[in-house]
Protein chains: 2
Amino acid sequence: MSLNAVLSRIDADIDTSTDRLKDLLRIQSISTDPAYKAQCRAAAEWLVAQLTELGAEASIRETPGHPMVVGHTNGTGRHVLFYGHYDVQPVDPLHLWARDPFDPAIEDGADGKVIRGRGASDDKGQLMTFVEACRAWKAERGDLPNVTFLFEGEEESGSPSLVPFLKDNTEELKADIALICDTGLFAEDTPAIVTMLRGLVGEEITVHGPSKDLHSGLYGGVSMNPIRVLTRILGGLHDDEGRVQVPHFYDAVPELPEQLRAQWEALGFDAHRFLEGVGLKSPAGERDRTALEQLWSRPTAEINGIWGGYTGAGFKTVLPAEAHAKVSFRLVGQQNPHEIREHFRKWVEAQLPEDCTVEFHAHGASPASQMAIGDPAFESARRALSDEWPHDAAYVGGGGSIPIAGYFKTHLEMDSMLIGFGKDDDQIHSPNEKYDMKSFHRGIRSWARILDAIG
Amino acid sequence: MSLNAVLSRIDADIDTSTDRLKDLLRIQSISTDPAYKAQCRAAAEWLVAQLTELGAEASIRETPGHPMVVGHTNGTGRHVLFYGHYDVQPVDPLHLWARDPFDPAIEDGADGKVIRGRGASDDKGQLMTFVEACRAWKAERGDLPNVTFLFEGEEESGSPSLVPFLKDNTEELKADIALICDTGLFAEDTPAIVTMLRGLVGEEITVHGPSKDLHSGLYGGVSMNPIRVLTRILGGLHDDEGRVQVPHFYDAVPELPEQLRAQWEALGFDAHRFLEGVGLKSPAGERDRTALEQLWSRPTAEINGIWGGYTGAGFKTVLPAEAHAKVSFRLVGQQNPHEIREHFRKWVEAQLPEDCTVEFHAHGASPASQMAIGDPAFESARRALSDEWPHDAAYVGGGGSIPIAGYFKTHLEMDSMLIGFGKDDDQIHSPNEKYDMKSFHRGIRSWARILDAIG
């Protein structure tokens, strides 16, 4: 039976598969920082070479930002579009890394071997599970499944070029269904298919006060301090119950269907164990919601960065001319990202004292999305995953934002299946990011099964 | 009349005096940043050379931090201790400087020529007004007044070595009265003698949350965010009336004596013009206090710096493990710096949610001080200043903290006269710091007159 041959080949080649992943992890493709532009292109070129080696027709496709990689096989059967991203998050604070983030290595982890390095889990390791599955498939069967590959290089910086690219290449990119590998297992040994995803709005705000930095001895007390204004406003973003205070924020937030609530309760999610893993004890969101609701079906407001005044060694009694913050909102249901941004801006402006002005800068906006699990591909994939892993696969919500699923629906009229093998302790976006070798190995095998099942 | 000879000599030599000031301004003596340690020593050595050239016995005196400079003349008459500091503030943000902060130049200012560069006004230019007055005095009279010079290199970083140094050298440093040149004119053409000074407490706080940086997609909503906690707490530092909310903060704050209030009103201080100069309109302090009270006789709480999370280019949806702020308090009356620090720490700790801890780091503490204007030297100096400047000199309050005056009182049982020639638009502690050439020139002449009057 040829699926088994493919699976055996995957097992036999796992070391060379790992070496190829290491090659990709060595490329410093940080998309959010212009200093790494050339490295982003290098990662794209490396992927083109991989796909070409597989016998796909692959090429770099220019965008105003970092390039896309598109590849086509001449396979038959159900046509799938596979999406992954080759860009990674910045690595700061660098001093918290135990090793060079771009010098990957196999290490012992809590649940066996892991591969450590920036992007190991988000998203280079995940992306490579699919590429390696195709490689083993080709080696055993001589052909390839009917796949269009789409690799993006701007996912970590809001995907500015993605929608225009989808619009310009609708015919070329349209497939029967999309496979997106940028999510995680539900639990150790329990794979998951994400059926709902939160949206995201990113916003940068700058509060301006005096025309220049001032000495707090000469001006302190009498002059408005922008940091005081910024902390006053952002300090009121949540009430004591954890509810976001921006007017109309909850207008388009639906209640969780009773049936889904029951299914989630059945998952037996242990919030305390989940938080313990990061040194915390209690869910910090809306007090009247379960931890899973706070993570999957409730919107959030977070301050992701704040800075102003003197932040160096020692002390400086300065009243700064400006103060800054980066704020993001996770969206659910029908919350409109642009309306939420407007509500937030109005809320901030309404609280500005005389002598202060505010400047806003938008950093991406995507709505929440809901998958059409009626498509039989979902059940086929769920069974294929359940065959590979110790426990059956679950339909779950996703706290993160993968706007791409919404874009595929809107611009390519295509549903998406979000399947990934990351784990909560992968430390993505943090120092010492890793990917379990079990995730990598079983991930490759999972894709072979899924391609076999839905092809 | 030999005072006139000295004054004429000062006028004749003003260009060479300015060249010497430029030499001092080129030395990058930033005391708060360890990277400039050698430059601080270079500035001290330069001053030793200057005093030696005058015929004073001068030397470098080691401390655990940057060195002191001490010099003695063998002059007769009333013995004065002159204090100034050779260290300067950091220069960031560097991109806001119109020229290299350490390449001083004479430029056209709002009120005539200015000398521009870091330290031009705070405090190298001021310190040199006295040194140059002594130089002209020596040139015309052959001798020097009875002066002990004390130059410090840690004033901008909280003077950690000063008190121990005063204690170890009480006999050597004690004089009849101290002259401190680190303050400003009251107004264009109106010199001032500061008779009350605010104290200062500096505090750095770090709020710890999760054990590592987290992805707001995976953890957002359910995990406590230290920036949210820090902004919530510091956002409540003042109420809508501008009053500081730390319990017991105002316990030891005296009401302004009616007589002083009347005298201050007579000064005709124009708050709006003062604020206009820095792009502001309205006093931001306690609503029920005049602007001069907010500046001179009322305590303040200021956030001088804040940082946490991602502050680079682009966006990063991170929940940081910690958030930081630098906070300072200007003190008046009998407010005890150490008690204020404790009240603040208790107030912060009381507001910490579960899952957060806080760390405090002290950055200096000094009480407010009140001069003994009964000493006849005050009236002699006031008359001497009134002779030099278009308008009579005024007794004023000082918003800044010059703890040295308090230290002289406590450890050398010596009163201080705070006389300086800086201006509100000198941009000390800010980019493009300058010192008016009129302040420098008339400042030198003022010291010659004062030395003649009180000697």
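The values are calculated or read from the model by the stated rules, or taken from the named source; none is laboratory data. Fair warning: this is a prediction, and the values are worked out from it, not measured in the lab. For neighbour counting, all protein chains shown are included, and Cβ atoms are generated from backbone atoms with ideal geometry for every residue, glycine included. SASA here: full protein model, heavy atoms, side chains in, ligands and nucleic acids out. Shrake-Rupley method; radii C 1.70, N 1.55, O 1.52, S 1.80 Å.
Tabulated data for the structure shown
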| quantity | calculated |
| --- | --- |
| Selection from the stretch A:322-342 of residues that are outside any strand (DSSP E or B) and surrounded by fewer than 23 Cβ atoms within 10 Å (Cβ to Cβ) | A:Gly333, A:Gln334, A:Asn336, A:Pro337, A:His338, A:Glu339, A:Arg341, A:Glu342 |
| Total residues in the stretch B:193-205, condition open to solvent by 20 Å² or more (accessible area, probe 1.4 Å) and either free of Cβ contacts under 8 Å to residues at least 60 places away in the same chain or among the basic types (Lys, Arg) (or both) | 0 |
| Of all residues making up the stretch A:425-455, the number that are among the hydrophobic types (A, V, I, L, M, F, W, C), buried (at least 24 other Cβ atoms within 10 Å of the Cβ) and over 14 Å from A:Met128 (Cα atoms) | 3 |
| Cβ pairs under 8 Å, 6+ apart, first in the stretch A:14-37 and among the charged types (D, E, K, R), second open to solvent by 60 Å² or more (accessible area, probe 1.4 Å) and assigned to a loop (DSSP other than H, G, I, E, B) | A:Arg26/A:Asp103 |
| Exclusive hit being of a type in the set (S, T, N, Q) and at pLDDT 95 or above, set A:Ser31, A:Ser2 | A:Ser31 |
| Residue check for A:Thr190: surrounded by fewer than 20 Cβ atoms within 10 Å (Cβ to Cβ) and of a type in the set (S, T, N, Q) | yes |
| Selection within the stretch A:166-193 - under 18 Å from A:Arg382 (Cβ atoms) and small (Gly, Ala, Ser) | A:Ala178, A:Gly184, A:Ala187, A:Ala192 |
| Among residues of the stretch B:222-231, those that are facing chain A (nearest Cβ under 7 Å) and either among the β-branched types (Val, Ile, Thr) or over 29 Å from A:Asp425 (Cα atoms) (or both), counted | 3 |
| Residues located in the stretch B:5-56, provided they are under 29 Å from B:Thr76 (Cα atoms) and not in a helix (DSSP H, G or I) | B:Asp13, B:Leu54, B:Gly55, B:Ala56 |
| Residue in the stretch A:206-221 that is surrounded by fewer than 24 Cβ atoms within 10 Å (Cβ to Cβ), basic (Lys, Arg) and within 11 Å of another protein chain (Cβ to nearest Cβ) present | yes |
| Any pair with Cβ under 9 angstrom, 6 or more apart, that starts in the stretch B:85-109 at a residue that is of a type in the set (Gly, Ala, Ser) and buried (at least 22 other Cβ atoms within 10 Å of the Cβ) and ends at one that is at pLDDT 95 or above and in a strand (DSSP E or B) | none |
| So A:Asp375, is it over 15 Å from the mean Cα position of the chain (by Cα), open to solvent by 40 Å² or more (accessible area, probe 1.4 Å) and among the acidic types (Asp, Glu) | no |
| For B:Gln259: the one exception among (1) over 30 Å from B:Leu214 (Cα atoms); (2) surrounded by 15 or more Cβ atoms within 10 Å (Cβ to Cβ); (3) among the polar types (S, T, N, Q) | (2) |
| Single residue of the stretch A:188-205 satisfying the filter (in contact with a Lys or Arg (Cβ under 9 Å, 6 or more places away or on another chain) and hydrophobic (A, V, I, L, M, F, W, C)) that is farthest from the other protein chains (Cβ to nearest Cβ) | A:Ile193 |
| A:Lys167 vs. criteria assigned to a strand (DSSP E or B), open to solvent by 10 Å² or more (accessible area, probe 1.4 Å), at negative phi and basic (Lys, Arg) | no |
| Close pairs from the stretch B:399-421: first among the charged types (D, E, K, R), partner open to solvent by 10 Å² or more (accessible area, probe 1.4 Å) and modelled with pLDDT of 95 or more, Cβ under 8 Å, at least 6 apart | B:Glu413/B:Lys174 |
| Check on B:Glu286, surrounded by fewer than 24 Cβ atoms within 10 Å (Cβ to Cβ), more than 7 Å from chain A (Cβ to nearest Cβ) and over 24 Å from B:Ala394 (Cα atoms) | yes |
| All positions within the stretch A:170-187 that are under 16 Å from A:Val147 (Cβ atoms) and either free of Cβ contacts under 8 Å to residues at least 40 places away in the same chain or buried (at least 24 other Cβ atoms within 10 Å of the Cβ) (or both) | A:Ala178, A:Ile180, A:Cys181 |
| Residue among B:Ser223, B:Ser161, B:Ser211, B:Ser216 that alone is of a type in the set (Ser, Thr, Tyr) and assigned by TED's automatic domain parsing to the domain that holds B:Gln89 | B:Ser161 |
| B:Phe249, sole failed condition from (1) modelled with pLDDT of 95 or more; (2) open to solvent by 10 Å² or more (accessible area, probe 1.4 Å); (3) in contact with a helix residue (DSSP H, G or I) (Cβ under 9 Å, 6 or more places away or on another chain) | (2) |
| Top-ranked residue in the stretch B:295-316 [being assigned to a loop (DSSP other than H, G, I, E, B) and at the interface with chain A (Cβ under 7 Å from one of its Cβ atoms); ranked as farthest from B:Phe269 (Cα to Cα)] | B:Lys316 |
| Lone qualifier among A:Gly109, A:Gly84, A:Gly119, A:Gly65 - being over 28 Å from A:Glu413 (Cα atoms), small (Gly, Ala, Ser) and within 19 Å of the chain's Cα centre (by Cα) | A:Gly119 |
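Matching residues to (1) in contact with a strand residue (DSSP E or B) (Cβ under 8 Å, 6 or more places away or on another chain); (2) surrounded by fewer than 20 Cβ atoms within 10 Å (Cβ to Cβ); (3) not assigned by TED's automatic domain parsing to the domain that holds B:Glu171:
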| residue | (1), (2), (3) |
| --- | --- |
| B:Ala35 | no, yes, no |
| B:Glu45 | yes, yes, no |
| B:Leu51 | yes, no, no |
| B:Gly55 | no, yes, no |
| B:Pro67 | yes, no, no |
| B:Val80 | yes, no, no |
